Ligand code: ITT
């Protein structure tokens, strides 16, 4: 069995990535299973910078192939914000979790309070990076277009899911079953594009 380490501390991402990559003949282990991994700083200006940095640092620290996801929400009326700063939009010091998620989307809703329906277009973007301990990195990207709701709805998923309505749907990501989100999400698209890259990494390490 070959091992792929998920270089993320976000439990919502872990659930989705494990679900989407379930059919691969590899063992998938979250970084939380490892002790004494140094904290990985995330201060790049792009999703690519952050994803590559997280994957490489994790591959080097564990000695395994690592997969990282850097993602965020781009709102047109806010000229692409919160973008790479999506996780810490409401404040740098808030601890990870439901309260921070709520603070982030409440801030977004308040910034958009005077923005009408047609102007509430947005997209989730996800860059997946795969790296090995020798320094090789490959990346893929996925996008999911949609719009920002006026009020939060649903309790599934994580992050901005309660306020994001994917294009062609009437329910938010948080109001859909997980498998419906996973069939169309930015993360699912980036991971699908990453499948040949993952295969390539495991052949090279054979
Ligand atoms: P890791 O760096 O440990 O992976 P993180 O949550 O800090 O975890 P990011 O820096 O990539 O990850 O920030 C992504 C943020 O974008 C995430 O915290 C959410 O607020 C938001 N986000 C990304 N994908 C999302 C999704 O599918 N649904 C809702 N919000 C999402």
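The values are calculated or read from the model by the stated rules, or taken from the named source; none is laboratory data. Please read all numbers here as calculations on a predicted model, not as lab measurements. For neighbour counting, all protein chains shown are included, and Cβ atoms are generated from backbone atoms with ideal geometry for every residue, glycine included.
Rundown of residues vs (1) assigned to a helix (DSSP H, G or I); (2) surrounded by fewer than 22 Cβ atoms within 10 Å (Cβ to Cβ); (3) modelled with pLDDT of 95 or more; (4) touching a helix residue (DSSP H, G or I) at 6+ places or on another chain (Cβ under 7 Å), yes/no style:
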{"position": "84", "(1), (2), (3), (4)": "yes, no, yes, yes"}
{"position": "87", "(1), (2), (3), (4)": "yes, yes, yes, no"}
{"position": "103", "(1), (2), (3), (4)": "yes, yes, yes, no"}
{"position": "107", "(1), (2), (3), (4)": "yes, yes, yes, no"}
{"position": "129", "(1), (2), (3), (4)": "no, no, yes, yes"}
Legend entry - Residue count, the range 153-187 (criterion: within 23 Å of residue 47 (Cα to Cα), more than 10 Å from the ligand (Cβ to nearest atom) and either touching a strand residue (DSSP E or B) at 6+ places or on another chain (Cβ under 9 Å) or in a loop (DSSP other than H, G, I, E, B) (or both)): 4
Legend entry - Residue identified as in contact with a helix residue (DSSP H, G or I) (Cβ under 9 Å, 6 or more places away or on another chain), assigned to a loop (DSSP other than H, G, I, E, B) and more than 10 Å from the ligand (Cβ to nearest atom) among 67, 24: 24
Inset, instruction - Give 45, 39, 16, 74 a once-over and let me know the one that is more than 18 Å from residue 196 (Cα to Cα), loosely packed, with under 15 Cβ neighbours inside 10 Å and either at pLDDT 95 or above or near the ligand (Cβ under 10 Å from one of its atoms) (or both). - result: 45
Inset, instruction - Give the residues of the range 19-36 that are farther than 26 Å from residue 83 by Cβ, surrounded by 15 or more Cβ atoms within 10 Å (Cβ to Cβ) and without any contact (Cβ under 8 Å) to a residue 40 or more places away in the chain, sorted by residue number. - result: 28, 29
Legend entry - residue 79 at pLDDT 95 or above, over 22 Å from residue 183 (Cα atoms), exposed (fewer than 15 other Cβ atoms within 10 Å of the Cβ) and out of contact with any strand residue (DSSP E or B) (no Cβ under 8 Å at 6 or more places or on another chain): yes
Inset, instruction - Hey, can you tell me all the residues within the range 77-101 that are within 13 Å of the ligand (Cβ to nearest atom), over 28 Å from residue 131 (Cα atoms) and more than 17 Å from the chain's Cα centre (by Cα)? - result: 90, 91, 94, 99
Inset, instruction - Determine whether the range 116-126 contains at least one residue that is within 19 Å of residue 160 (Cβ to Cβ) and surrounded by fewer than 15 Cβ atoms within 10 Å (Cβ to Cβ). - result: yes
